[in-house]
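First comes the structure, then the notes that go with it.
The values are calculated or read from the model by the stated rules, or taken from the named source; none is laboratory data. Keep in mind that this is a model prediction, so the values were computed, not measured. As a convention, Cβ positions derive from the backbone with ideal geometry for all residues, glycine included, and neighbour counts pool all protein chains shown. Note: accessible area is taken over every heavy atom of the protein model, side chains too, but ligands, DNA and RNA are not part of it. Shrake-Rupley method; radii C 1.70, N 1.55, O 1.52, S 1.80 Å.
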Amino acid sequence: MEFLRFLKPKLPGLALYGVALFVVAGLLRLVGTPRDMVYLVLVTLAAVEAGRLAMEYLPSAGFWRRVSLIGRARPGDTPNALDLACDLPSLRSGRAALVDDAVDALLAQANADAAAVRADSAEYRAFIERWSHEVKTPVAAASLIVQANPGPVSGRIAPELQRIEDYVDQALFFARSYTVDRDYVVRETTLGELVRDAVRARATLIQESGVSVSFDGLDQPVYCDPKWCGFIVGQLVDNACKYMGAEESPRLSFTGRRLAAGGSAERVELTVADNGVGIAPQDLPRVWDKGFVGSNGRDLARSNSTGIGLFLVRDLCRKMGVEASVFSDGESGTEFHLVFPMVQRG
């Protein structure tokens, strides 16, 4: 394949060379050269040209093979296109040396730019983490003041403080999601622990929304990082409360069940279901996209939707080996499904 790519730009010259051979053969026959001698001359000239092409290609065969691999590389592949380019074999003959020097210069610049971007990104994430921890202190202090001074005004301030804390957590986990592999501690827990911790942390929001919560089958053991998975469940609770609508009896249910019990594909599924406004069919394929706000999220009553929560849910689930899916008919609520593998992950 690489040789064909090498040969392709040379086809016009080879075609001209073939015409020249044909002309030479005709002239030799005109002057009475025997047919066998004409064939010998043609084969000799063709062999010389083939040898010339081989001498031109073989020293750079490794280069062209690597270039072919770079051309087929896609984002996310390992090694990626830049890694492959860094190992390009050297071309040190004639004009090829100029190409080699140009490629080296481009790679050096690309590596320098990538290193600068990684450094800036790491510094920014570190700042977000520090800021998130620092801002929690005044928010916690304000919450204590509100609790110590009950009244109509305090009752209105408390849920707003909870929202601030939730958004701070969202920013913190978003920053940490890029390094989840270094901050991921697996231990055995149960769905009940994950769900009840998330619900307890959002008790004010749930009470304010008038949502009744039910639990079923949450004694199922799972292997996961309780902190990260608790955040995921919390985002689903936030999402359900935000999109409850005007139902007379808003409900939020958590159901656990074991799939393929006893088999090699044994898994545990957590279903988080609500009877809210649901997700419009045209929005369903895009609910996991970063920054996407569906038609319900653009409603004036929910204009504070950021489109980050569900993106984080899918992103963190993917990095931790948890399957996430969503179902909705756009009218009678939404179901989120989280499927945990029973094999412990480290």
>> Counting each pair of different Cα atoms once, what's the Kirkwood radius of the range 148-234 in Å, rounded to one decimal?
In response: 14.8
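Hey, can you rank 145-158, 275-288 by average C-beta count inside 10 Å, highest first? The partial results should precede the final answer.
Working: 145-158: 11.6, 275-288: 17.6.
In descending order of packing, they fall as 275-288, 145-158.
Taking a threshold of 21 Å on the Cα-Cα distance, which of the pairs Lys290/Lys319; Lys242/Lys319; Lys136/Lys290; Lys136/Lys242 fall above it?
Lys242/Lys319; Lys136/Lys290; Lys136/Lys242
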> Ignoring ligands, DNA and RNA, how do Tyr167, Tyr57 rank by accessible area with a 1.4 Å probe, largest first?
Replying inline: Tyr167, Tyr57
> Gain in length, Glu323 to Gln109, computed as 0.36 nm per residue apart minus the alpha-carbon separation, to one decimal in nm?
Replying inline: 73.1 nm
> What ranking of Ser249, Ser264, Ser209 comes out by heavy-atom accessible area, probe 1.4 Å, highest first?
Replying inline: Ser264, Ser249, Ser209
> Label-point separation (nm) for Leu259 and Arg187, each offset 7 Å from Cα along Cα-to-Cβ?
Replying inline: 2.7
> In whole angstrom, how far apart do the alpha carbon centroids of the range 189-238 and the range 122-168 sit?
Replying inline: 20
>> Run the helix sum for the chain: -39,500 (n - 2.57) per DSSP H stretch of 4+ residues, divided by residue count, reported at 222 nm to the nearest 500 deg cm²/dmol.
In response: -18500 deg cm²/dmol
> Any idea what diffusion coefficient the chain gets from Stokes-Einstein, in µm²/s, Kirkwood Rh on alpha carbon pairs, 25 °C, 0.890 mPa s?
Replying inline: 94
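Report the charge-dipole magnitude of the chain in Debye, nearest 20, computed about the Cα centre from +1 at each Lys and Arg Cβ and -1 at each Asp and Glu Cβ.
Here the size comes out at about 1240 debye.
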> Protein chains only, probe 1.4 Å: how do Glu123, Glu193 rank by accessible area, largest first?
Replying inline: Glu123, Glu193
> lysines within cross-link reach of Lys10: Cα-Cα under 17 Å, excluding same-chain residues under 8 positions apart?
Replying inline: none
> Using Cα pairs under 8 angstrom and six or more residues apart, how large is the relative contact order of the range 231-291, in percent?
Replying inline: 32
>> Please compute the contact order of the range 171-255 in relative form: average sequence separation of alpha-carbon pairs under 8 Å and at least six residues apart, divided by the residue count, as a percent.
In response: 40
> So, in Å, what gap is there between the alpha-carbon centers of the range 10-43 and the range 253-286?
Replying inline: 75
